[in-house]
Amino acid sequence: MKPVFRTLLCVPMGLILWTGCVKEEESAETKPETQQVQPADSVWTVSIQAVREESPETKGLAIGEGDAEGTTEKLRSVWKANEQVLVYLGTDCIGTLTATPNASDAHKATLSGTVTAAGITPGVTRLTLLTPRQNWDYTGQVGRLLLLDDPNNQGNKNRSIEKKYHYTMAQNVLVTEASTNGDKSTLTTEDAGFANQQSIYRLSFRFQKDGVGDKFAIEAKRVRITAAGGGLVRSRSLDGTSVTGPVSVILDNPTVEPFFVALRNQNTTEAEALHFQVMDQEVVTYYGSKTVPAQYKPNGTFVSMKNATLTRRLGFLPGSESVDTVL
């Protein structure tokens, strides 16, 4: 069966930051507002109005209404209650905001919280916003897509892609204005577009010896994925530095059903093979590859590879601790 490829949706953000810091006012004659520099270590109360617009990217995860995870052709773009959004000034995290979705339209949300700024200059200062967590890490995945998929679905114990691996980021968000009204100070920024930092793959596997004859479903327990070019990202820093290598998925229970993995690849422009090593409950290991066409390589793509065919397998002879045989 040929893989089915679908593209995710994006969430640009319009950002208005209201602040509750008290500071001395300076006259426009002595210090133009566009040159105003806020003092270091000012604590600001922040509220950001977030609105989704049409784009090939997504923020938040939800399958199409009425669909099942194994068959859906799209992921809807929504905000979830209590999503965490980190705010960076340079590479310093200056605060965390919490999402409250609009009651009538989950494509909209208010992001609120406080930040501690080390100096803000309107017209110069640019912010970075990142979800869902500060540790940018793709290791430790268990194949779960949504928060409710994980039996450990409470708080930080949740291991789903939605909770831990669906990174989205808005970069170079310019602070455009600073104004004061009584004891309240207001920061206004330009709109911020959140872009996905990885793609989401839906996987399941079949075995066909040497690519000939009957095929049967593999009950996968552990899957190790490598890219032909070696560019799968295991962890990444905000400055763009990445650690690359194989990405593994360890499922809670062996299954022939589709599961999910978030993959960031440094190669986002050229066709490339992904190599799979799949181990089942009986410790039989299957090997094979599947090429991802160039048009499906950009971050933010939903790639369905159900029933990908693997053509080699390696097992162990009963009662032997050191001898293996190719089946």
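None of the figures in this text is laboratory data; all of them are computed from the coordinates on show. No experiment lies behind these values; they were computed from the predicted model shown. We place every Cβ from the backbone using ideal geometry, glycine too, and count neighbours over all the protein chains shown.
Details
- Cα→Cβ-extended label distance, 7 Å offset, between Tyr296 and Thr114, nm: 4.8
- The calculated FRET efficiency for the pair Asp92 and Ala68, based on their C-beta separation and a Förster distance of 41 Å, comes to about 0.45.
- In terms of overall dimensions, the C-alpha atoms belonging to region 252-321 reach 48, 22, 19 Å along their principal axes, ordered largest to smallest.
- Alpha carbon centroid spacing (whole Å) that separates region 111-181 from region 194-214: 29
- Net lengthening on full extension, Phe216/Ala273 (0.36 nm per residue, minus Cα-Cα): 18.3 nm
- Contour minus Cα-Cα distance for Thr311 and Gln171 (0.36 nm per residue): 46.1 nm
- In region 199-312, the DSSP beta bridges split such that about 80 percent are antiparallel, to the nearest 5.
- Charge-dipole axis of region 199-312 as Lys and Arg at +1 and Asp and Glu at -1 on Cβ define it, positive-most pick from Ile225, Gly300, Ser289: Gly300
- Binning the C-alpha pair distances of region 199-312 at 10 Å intervals from 0 yields a P(r) profile of 14, 46, 31, 8, 1 %, listed from the shortest bin outward.
- Relative protection proxy for 271-282, 151-162, 209-220, 298-309, from highest mean packing down: 298-309, 271-282, 151-162, 209-220 (other beta-carbon atoms within 10 angstrom).
- Of Lys164/Lys290; Lys74/Lys164; Lys74/Lys108; Lys80/Lys306, pairs whose Cα-Cα distance is over 22 Å: Lys164/Lys290; Lys80/Lys306
- Remark: spin-label model distance Val243-Glu282 equals 3.7 nm, labels positioned 7 Å along the Cα→Cβ axis.
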